[in-house]
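These notes are about the structure you will find just below.
The values are calculated or read from the model by the stated rules, or taken from the named source; none is laboratory data. Being a predicted model, the structure only gives us computed values, none of them experimental. Using ideal geometry, Cβ is built from the backbone for each residue, glycine included, and neighbour counts are taken over all protein chains shown. Heavy atoms of the whole protein, side chains included, go into the accessibility calculation; ligands, DNA and RNA do not. Shrake-Rupley method; radii C 1.70, N 1.55, O 1.52, S 1.80 Å.
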Amino acid sequence: MAESRFTPVAVAPSSSPAYVPVPATLSDVGGEGADPLKALLGTLHRNAVLIALVAAVTVGTAAYFLARQLPVYRATALIRLVDTRQSMTGNLGGIIPTTPGGGQRADPVLSQLEVLKGRLVMGQVVDRVGLRVLVEPATAAAEIHELVEVRAPDAAAKQLRMRFEAAGYTADLGGTAVRGEYGQPLERAGVRLNVHSRPSVPEVVLNLIPREKAIDYLIAGLEARPKAGTDAVEIVYAANDPQFARGVVNTALQEFQEFSTGTEQQQASRRRVFLENRLRSADSLFNETQFALTAFRSRERVYGSSEQFAGQQEALTGLKVRREELAADRGIYRSLLADLARRDGRRDQALRTLLASGLAADPAVAQLSAQLRQYQSALDSLTTGATGVTAAHPDVERLNGQIVATEGRLIDAVRSHVAALDARIAALDAMQTRDATALERLPATEAQEVRLVQRVDGIRKLTDQLREELQRAQITEAVEAGQVQVVYPAPLPSDPVGASRSVKLGIALVFGLLLGGGGAVLRDRMNTVINGRSELERLLQVPGLATIPPIHVAQGRFRALRRLQRSPSANRNGAAKHAVELVTVTRAQSLVAEAYRTLRTNLIFSRPTQMLQRVVVTSSAPGEGKTTTAANLAAAFAQHGLRVLLVDCDLRKGRLHAMFGVPREPGLTHLVLGYSTPEQAIRATPVEGLFVLTSGTLPPNPSELLGSPQMRETLARLNGQFDVVILDTPPLTAAADAAILGTGADGVLFVVRAGQTERGAARQSIQQLVKLGARVLGAVINDPDDVVARYEENYSTEYYGSEA
């Protein structure tokens, strides 16, 4: 090799704007100063496809379920729980509640709502509306319940499929198909059908459920919402059919109103019958007493009582009247106790009448009734529903025992009240006896007359009072009103409840975007590799000098390249076989080659005031493209008119000799140790101005050799002979060779492969270079995106034309 070939060539300054990379410092590496908002936006931008996909799947799933979801309509009615009967009769015939001695009084509104949602009222609603029959499709429920009458015991077929035709209908009862005519009853397998007319739907499926389960469903679905501070209550029911929802609410109101009216009338009727019996007895007793007084006066010739006995007579009359009032109350409660001792429906009716009477104002009775409702509610929640237990369950037995015990204590409280009435009556009797004893001191005739007159007057007043009470009871019984006043029935709901479908889809879109954004952030946090140029600059705090697309060679071009390598002229001239990776030579017009020329330009102008002569190319790990980058960068410098030397400083696994098709020896190790001259070790390449120095014999101590004074002297001599010296070094995580060489170079070029280079390894490598004082010029990222590669293939051919 001629000596003149190594004459240095100066690089003329260019008027083009310089690309000056920001030098990395040890405190900058790691991205602590990066803007969190910018980092988040970068993460979302990198994962835009993932976010869009998640959002599309979320919206699509929501649209699918919304398309299958039936609309829900809510019917609402308003009632007031007031004693309309009392306001209409002026409290005639009502039982006056006793004044409580303390304690918490029962809330009348909540008590009535418990009656509304009781199984008696709800059972009537189930029977009237036909809630034992669940209709599929649900949108035809109102029409089917109106036109089709189904009566079946609980043990009947569980499912009934019906098809409606012009001439009649077909019903599948337990696997047996039977035909029927419209308007004609049909009974098979314990099921009685009567289709009044042909429905609008061609086919329905009727699912028969037990009556008790239907009552449970209705109790769970019907809502009673008291208005705070008022006696008004909203009754709400939701269903897929608006007519069906309205029908359930209005039927429940009607049944509740009829039950309340019937209970009040039954109580008034019982009181009327009792007062009639008492009045007949009082009239008979009055006649007997009046006859006795008349006979006494005729016999004793006494026609008037003494004035001195007038006051005593009035007092005795008042005691008598009070005693009869107490006796009337005692008779009512004894009659209720007699009904409570029974074990049939009259016992439950008597218990409800007792809780609605004046005795419910007593603190003890109110507390026991509240406990009884609590135990009954707990028992219903255990035995009903899909998860209901049997009667043998320990909790059910315990609650049954508590209910029986509470009812017993409630009956005992009533008995105690009756006993108190007995005591008060006995006290009045004692007072009457005392006054009678006082009258005995009078003369026998006058005393006898006084007693007869007193008895006649007392019975007369009692009779008048009983007659007045009877009239009140008759008026009360005639009033057909209860404690339920319907303010307005449920109208037909027109709009389904909940947000519209467009709003729901909008919410699903927002949720999908948030979910996709969260997935993108999670993916970015879990990702341990560098994926792009912006991420590289943010993480390592070094400029990204270039992004190299992947190297793909078309099959035809590859065959042409192989023919070029096998040509005798190339071997006679000593030219190396061009490697596929050397795209700046084999595909000079491609986008990949243009990316290397961009890297060359950025490096030339990275130090506008000083020549960039020695550059170290390294990476954090093997297989990241540092050798390919070094070779193509060297070729790009040579194509720029510079004399370039490419040195293989990887004394462990160097491969520049294989890339250029030259022998490994002699090489760098021979030149450093003085075993060969530069003319013997440095070889020319087919690229004009590009020379290569292979690694040579691999030494046992590469780091010591590269850090030796002989190595520094060798590189200094080479700097004087070439414009640019590019050193291909081992990865930093494998050896410290690159860091050693980087301290004496003009700059270090760090190579990263997107999707492969670990963040931690890259950060550690940069920190190692900065710590030793090496100047990091920037980073090159090799992008393995096949889409870019295919675009590069098409674009380079169409834009630059065919390659020479």
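Here are some residues: Glu624, Glu679, Glu688. Which one is of a type in the set (Asp, Glu), part of a loop (DSSP other than H, G, I, E, B) and touching a residue at least 60 places away in the same chain (Cβ under 8 Å)?
Numbers: Glu679 fails: part of a loop (DSSP other than H, G, I, E, B); Glu688 fails: touching a residue at least 60 places away in the same chain (Cβ under 8 Å).
That would be Glu624, the only listed residue that is of a type in the set (Asp, Glu), part of a loop (DSSP other than H, G, I, E, B) and touching a residue at least 60 places away in the same chain (Cβ under 8 Å).
Across the stretch 214-254, the qualifying residues are those that are assigned to a helix (DSSP H, G or I) and aromatic (Phe, Trp, Tyr), and the one among them that is farthest from the chain's Cα centre (by Cα) is Phe244. With respect to the conditions (1) touching a residue at least 40 places away in the same chain (Cβ under 8 Å); (2) surrounded by 14 or more Cβ atoms within 10 Å (Cβ to Cβ); (3) of a type in the set (A, V, I, L, M, F, W, C); (4) in a strand (DSSP E or B), Val205 lacks only one, and its number is (2). Return yes when Gln265 is under 50 Å from the mean Cα position of the chain (by Cα), open to solvent by 30 Å² or more (accessible area, probe 1.4 Å) and within 30 Å of Val321 (Cα to Cα) and no when it is not. So Gln265 passes the test.
The residues of the stretch 753-762 that are within 21 Å of Ile548 (Cβ to Cβ) and either more than 43 Å from the chain's Cα centre (by Cα) or not in a loop (DSSP other than H, G, I, E, B) (or both), listed by number, are Arg753, Glu758, Arg759, Ala761, Ala762. From the set of residues in the stretch 60-73 that are touching a residue at least 12 places away in the same chain (Cβ under 8 Å) and surrounded by fewer than 19 Cβ atoms within 10 Å (Cβ to Cβ), which is farthest from Gln243 (Cα to Cα)? Ranking the candidates gives Thr61 first. With respect to the conditions (1) modelled with pLDDT of 80 or more; (2) part of a helix (DSSP H, G or I); (3) of a type in the set (S, T, N, Q), Asn571 falls short on a single one, namely (1).
Take the residues in the stretch 417-462 that are outside any helix (DSSP H, G or I) and open to solvent by 50 Å² or more (accessible area, probe 1.4 Å), then tell me which one is modelled with the lowest pLDDT.
Checking each candidate, the answer is Arg441.
Taken over the stretch 245-260, the criterion of being under 25 Å from Ser111 (Cβ atoms) and either basic (Lys, Arg) or touching a strand residue (DSSP E or B) at 6+ places or on another chain (Cβ under 8 Å) (or both) is satisfied by Val248, Val249, Asn250, Ala252, Leu253, Phe256, Gln257, Ser260.
Counted as qualifying within the stretch 1-91 are the helices (runs of 4 or more DSSP H) with 3 or more residues that are at pLDDT 65 or above, over 30 Å from Ala774 (Cα atoms) and touching a Gly at 6+ places or on another chain (Cβ under 6 Å), namely 48-68. Residues that are at negative phi, open to solvent by 10 Å² or more (accessible area, probe 1.4 Å) and small (Gly, Ala, Ser) within the stretch 667-702 comprise Ser676, Ala684, listed in sequence order. Whether any residue in the stretch 97-109 is outside any helix (DSSP H, G or I), modelled with pLDDT of 80 or more and closer than 16 Å to Ile235 by Cα is what I want to check. Looking for residues that are outside any helix (DSSP H, G or I), modelled with pLDDT of 80 or more and closer than 16 Å to Ile235 by Cα, one finds none in the stretch 97-109, hence no. Take Leu293 and tell me if it is open to solvent by less than 40 Å² (accessible area, probe 1.4 Å), at pLDDT below 85, closer than 30 Å to Glu449 by Cβ and part of a helix (DSSP H, G or I). Here the answer is yes, as Leu293 does meet what is asked. Considering the conditions (1) surrounded by fewer than 18 Cβ atoms within 10 Å (Cβ to Cβ); (2) over 29 Å from Ala252 (Cα atoms); (3) touching a strand residue (DSSP E or B) at 6+ places or on another chain (Cβ under 7 Å); (4) modelled with pLDDT under 85, Gly168 is excluded by exactly one of them, (4). For the stretch 703-730, a residue qualifies if it is farther than 29 Å from Glu688 by Cα and either hydrophobic (A, V, I, L, M, F, W, C) or surrounded by 21 or more Cβ atoms within 10 Å (Cβ to Cβ) (or both), and exactly one does: Leu705.
Of the set (1) open to solvent by less than 70 Å² (accessible area, probe 1.4 Å); (2) farther than 24 Å from Ser494 by Cα, all apply to Lys213 but (1). For the stretch 550-567, the condition holds for at least one residue, the condition being that it is at pLDDT 75 or above and either touching a Gly at 6+ places or on another chain (Cβ under 7 Å) or assigned to a loop (DSSP other than H, G, I, E, B) (or both). Within the stretch 477-488, not a single residue is in contact with a Phe, Trp or Tyr (Cβ under 7 Å, 6 or more places away or on another chain) and in a loop (DSSP other than H, G, I, E, B).
Residues that are open to solvent by less than 20 Å² (accessible area, probe 1.4 Å), more than 15 Å from Thr627 (Cβ to Cβ) and among the aliphatic types (A, V, I, L, M) were ranked within the stretch 746-761; the one that is modelled with the highest pLDDT is Val748.
Against the conditions (1) closer than 17 Å to Met122 by Cα; (2) out of contact with any strand residue (DSSP E or B) (no Cβ under 9 Å at 6 or more places or on another chain), Ser197 satisfies every one except (1).
Take the conditions farther than 26 Å from Ile79 by Cα and open to solvent by 40 Å² or more (accessible area, probe 1.4 Å) and apply them to Glu276. Does it pass? Don't jump to the end; show me each part of the working.
Numbers: farther than 26 Å from Ile79 by Cα: yes; open to solvent by 40 Å² or more (accessible area, probe 1.4 Å): yes.
The answer is yes for Glu276.
Note on the stretch 366-395: residues that are open to solvent by 40 Å² or more (accessible area, probe 1.4 Å), small (Gly, Ala, Ser), outside any loop (DSSP other than H, G, I, E, B) and farther than 17 Å from Ala220 by Cβ total 1.
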